[in-house]
Each structure stands twice: as C-alpha cells, then as structure tokens.
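Student: Below is one structure. I have some questions about it.
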Amino acid sequence: MAIITLTTDFGEKDHFVGAVKGAIYSELDAVRIVDISHTISPFHLTEAAYIIQNAYRSFPPGTIHIIGIDSELNPENKHIAVFLDGHYFICANNGIISMLVNEINPEKIVEINIHDRVSSNFPVLEVFVKVACHIARGGTLDVIGKSISEIKQLTGIKPVVNSENNQIMGNVIYIDNYGNVICNITKDKFNDVGKGRDFKIVARTATFEKIHTHYSDAINFDAPPERREEDGKKLALWNSSNYLELAVYKSNPTTVGSASTLFGLGFRDTITINFS
C-alpha cells in the first residue's frame, strides 16, 4: 500500500488539508496518508526544509511526499517531482529541496507539465495530488514532466568558515515547539573545522563552551536534588539530527521562557563558534 505524506503551511482551521486528503482518497482508496506537519510558518521555506529533511528518512523507500509551501505556479516558481534517496518529493521549485540535495544527489528531477489538464488556483489539490497518485499507481516521472538537471537553491542554509579556519558563522534556521533554537552548523562541520580545539559559542549575550549530547547531560545528578541547577539551565547540544541546538532545560515558552525568548534569537540570527 502506497504512503503519501503531507507537509504544508495550511494550518488546521481551514478546509485545505481535508480537501487534499479527500482528493487523494477519491483517486486511490488503497493508500495511507500521513500528516508530517500543517503548522509550518506561512511561506517559511527553511523551516519546512528542516522538518522534511529530518522526517522523510523514517518512512519506507518509495514513500511519496507532497510539500505544499509557496506552491502557486508562476514563471519563477515551477512545479517539480524529484526522486531522491529512494523517496519521491512533489513541490514547487522554490529551493525547498536544495537542503536535501546538499547531502544526496537526486536520481531524477522532472518539471511537471500536466497543468493544461487542470484549472485551479489550488495546485496542491489539483496538480500535486494527481502526480502523487500517478506515482502511487506505479507511474513514472517521465510521463508527468520533462527532465531537468538543476533546482533552485535555498540561500542562507550553509554556515560560513573564515579564511583563518578558526571561526564558523551560522544562522538560526528553525525554532521548535519548546523554543529551542536550531542552527545550520552540523556536527560534521564543527569537527572538520575545530579539529578538537577549545571553542566558544556566541549567540547575542549567551555563550557556551561545551556541547552536550543529551539535554540532561547539563545536569549534575550527583548533587542532591535541592542543590541542582535545573530550571533555566542553558545548554548547547547536538540534536537528534546532528545540528547545533541552543536550549533551556525543560523550557516552556509560555511560562518560564525558552532559548529563543531568553537569548533573544529569531530566524536567521547569527550564531558564531570561535576556536582557539
């Protein structure tokens, strides 16, 4: 049974998500539909790319991923279908796939050309669904589009290393539900540049000189509970995707605050690692 995932910025209030699911079931009754997220910030390509990058690998090969972010068709925003790492991705050619392509080369990219068969200002419903169902039936990409070799690049997702090779300058690419701040510096990049040297992470007024593997690594459990520094404890760690994350232990953005609010960090803000 085919699996089709949905990632959009449609939210939960409107009819859009339900309409897309209904259209899929109208074409294929033997299919599983999985919601990855419908609460992506509107038109936030980097946020969507981060979520897709870290979710798709958990699905079996052959899964079809519909990405409904900034999908309106125009001369500078064509629609594409991509076969990458054993998975199919259907989205606009707006740069959202480039974060995945940075790590793995796609096996096939086509520019979708079935628009003359539909008439709608809702491309996810009318175009992406038809392409997804075509693939789910065993159809090939060549039938729904012409092969292309390049996709639009998403800017601002690569950290910069200075000429002296003693500094990495990254940016905030995502803020999660806990207010934790994820930076575009990966563990591999850190190790490649740092080579075991001492370092200091600087994020506005917050600084860090150690990177943990787990959130609880920042807590000294050898100390009596009443003497532990827990609430509000700041920490840096490599998250489950091996990106640098700045966090506050057991944070709650609606009460005690979070890394984003307490450190004053938002999307694209700079995070620097200096090596010595």
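Student: Just give me the residues in region 100-139 being at pLDDT below 85 and either loosely packed, with under 15 Cβ neighbours inside 10 Å or not assigned by TED's automatic domain parsing to the domain that holds TYR50 (or both), in sequence order.
Tutor: Within region 100-139, ASN102, GLU103, ILE104, HIS115, ASP116, ARG117, VAL118, SER119, SER120, ASN121 meet the criteria.
Student: Got a sec? Which strands (runs of 3 or more DSSP E) wholly within region 199-274 have at least 3 residues that are modelled with pLDDT of 95 or more?
Tutor: 199-203, 234-238, 243-248
Student: Can you tell me which of ALA92, ALA23 is touching a residue at least 60 places away in the same chain (Cβ under 8 Å) and among the small types (Gly, Ala, Ser)?
Tutor: ALA23
The values are calculated or read from the model by the stated rules, or taken from the named source; none is laboratory data. Every value quoted in this text rests on a predicted model; they were computed, and no experiment measured them. Using ideal geometry, Cβ is built from the backbone for each residue, glycine included, and neighbour counts are taken over all protein chains shown.
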